[in-house]
1. Quick one: among ASP45, ASP167, ASP137, which has the greatest mean-square fluctuation in a GNM of the chain with alpha-carbon springs under 10 angstrom?
2. When only DSSP loop residues count, what GluC sites (Glu not before Pro) in the stretch 46-81 have their Cβ near at most 14 other Cβ atoms within 10 Å?
3. Check cross-link reach from LYS327 to the aspartates and glutamates: straight Cα distance under 13 Å, and skip same-chain residues fewer than eight apart.
4. Please report the net charge: other residues with Cβ closer than 11 Å to the Cβ of SER42, K and R +1, D and E -1.
5. Take the alpha-carbon positions of the chain, form their convex hull, and give its projected area averaged over all directions (one quarter of the hull surface) in nm².
6. Checking a compactness column here: for the stretch 210-332, what do you get for Rg(Cα) / (2.2 N^0.38 Å), N being the number of residues?
7. Return the loop-located trypsin sites (Lys or Arg not before Pro) in the stretch 63-95 (DSSP other than H, G, I, E, B) with at most 13 other Cβ atoms within 10 Å of their own Cβ; answer none if there are none.
8. Could you name the lysines whose alpha carbon sits less than 18 Å from that of LYS226, not counting residues in the same chain fewer than 8 places away?
Amino acid sequence: MVALAHHEKGMNVATAMVEEFDRRIDPYRSELLAHCYQMLGSVHDAEDLVQETYLRAWRAKDQYDESRSSLRTWLYRIATNACLTALESRSRRPLPSGMVAESDPRGPLVHGGEITWLQPLPDSLLSLGEPETATIDRGGLRLAFVAAVQHLSARQRAVLILRDVLDYSAAEAAGILSTTTASVNSSLQRARARLREAGILEEQVAEPSEAEQRAWVDKYMRAFEKADVEGLKRLLTEDVLMEMPPMVNWFVGRENYGVFMDWVFAKNGSQWRFLPVGANSQPAFAAYNRGPSGAFELHTLQVFTVTKNGISRNSVFRDAEVFASFKLPAKLEA
C-alpha cells in the first residue's frame with residue numbers, strides 16, 4: 001500500500017509538471033502555427049511541426065535558461081530549426097503563377113499531377129482577434145507573401161520571417177539560427193530583393209482595411225450569384241490574376257477573367273451559394289454549385305487579394321485536403 005501511495009504521488013507530481021508546462025507554452029500555439037505555416041506552406045505540416053516543437057521543448061525543458069532568452073524566443077528557436085530540418089526532405093510549395101507560363105483562358109484546364117501546392121490557412125485555426133494572437137503579423141500571413149517566400153532558400157526564408165515578420169533583431173535571429181549577424185544580414189538582403197522583384201512589399205503597403213476588403217468580396221459574391229460577368233469585371237483591377245490549383249492554369253487581366261467566367265457559368269450553370277470564411281487573414285468564400293440532387297455541392301474555395309482599386313487576385317482551390325482543413329460542409333441544402 002505504501003509503495004502504491006508513493007507511485008500515485010509520483011504520477012500526480014508528473015501530471016502537475018506537464019500541466020504547468022502546457023499552461024506556460026500554450027499561449028504561443030497560434031503564433032507558432034502561423035510561423036510553421038509560413039515556413040512550410042502546408043497546414044497539415046505546420047500542425048505537425050507545432051506538435052514536434054512542443055515535444056522537443058518538453059524534452060529540453062531542463063535546459064531552458066530564462067536569463068538568456070524569453071520563453072517565446074526559445075520556442076521560436078526550436079520551431080524554426082524543426083522547420084529547417086523538415087524542409088530538407090520537402091519540396092517547395094508553389095502556386096501556378098510562380099511556376100509555369102501564363103495560360104490562355106480559352107484553353108483546357110491542365111492538372112498539375114503530383115505537384116504539392118501551397119495551401120491556404122484557415123483563420124479559424126489562429127483565433128485571430130484574441131489577445132494571445134495580437135503578436136501575429138497579418139501581412140506575413142497573406143497568400144501572396146507565403147507564396148513568394150517559397151521561392152527563397154530555407155535559410156533565407158527563416159531569416160526573412162524572423163526579421164521582417166517577427167521583428168527580431170539581427171543578433172536575435174542569429175542566435176535562433178546559430179549563425180552570425182553578418183550571415184543574417186546577407187540572407188535578409190537577398191530575400192528582400194527577391195520579394196521586391198515580385199512586388200510583394202509594395203502590395204502589402206497598399207492594402208485597404210479589413211472591412212473594405214470584405215465589402216469588395218461581398219459585392220463579388222452578389223454578382224457571382226447572378227452569373228453577372230460584367231458585374232464581376234467591374235470589381236476587378238485591370239491586372240487581376242486568377243489561378244486555380246491543382247490546375248496549372250493561370251492568367252492576368254480583366255478581359256481574360258471575364259472570358260473564363262463565361263466558361264464557368266456555361267459549364268456549371270448560374271445557381272450558386274456561398275459560405276464566407278477567412279483564409280490567410282484575407283476575405284474568402286466557399287462556392288457551392290447546385291447539383292443533380294438539388295442540393296448545392298462544394299465546388300471551390302476562393303481566396304481574394306483586395307486593393308483600394310478592387311480585387312487584384314483570386315486564388316481558387318479545389319482540393320479535398322484544403323476543404324477538410326476549413327471544415328467545409330460537402331453540401332448546402334437548397
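1. ASP167
2. GLU66
3. Partners found: ASP123, ASP319.
4. On the way: positive: ARG90, ARG92, ARG93; negative: ASP45, GLU47, ASP48, GLU321.
Net local charge, SER42 excluded: -1.
5. On the way: hull surface 85.4 nm².
It is 21.4 nm².
6. On the way: Rg = 13.5 Å, N = 123, 2.2 N^0.38 = 13.7 Å.
Rg over 2.2 N^0.38 Å, computed on Cα atoms: 0.99.
7. Values: sites: ARG68, ARG72, ARG77, ARG90, ARG92; in loops: ARG68, ARG90, ARG92.
Of the trypsin sites (Lys or Arg not before Pro), the ones in loops of the stretch 63-95 whose Cβ has at most 13 other Cβ atoms within 10 Å are ARG68.
8. Straight-distance partners of LYS226: LYS267.
Where a number appears in this text, it was derived from the coordinates with a stated rule and is not lab data. From a predicted model like this one, the values you see are computed outputs, not experimental measurements. Cβ: placed from backbone, ideal geometry, glycine included. Neighbour counts: every protein chain shown.
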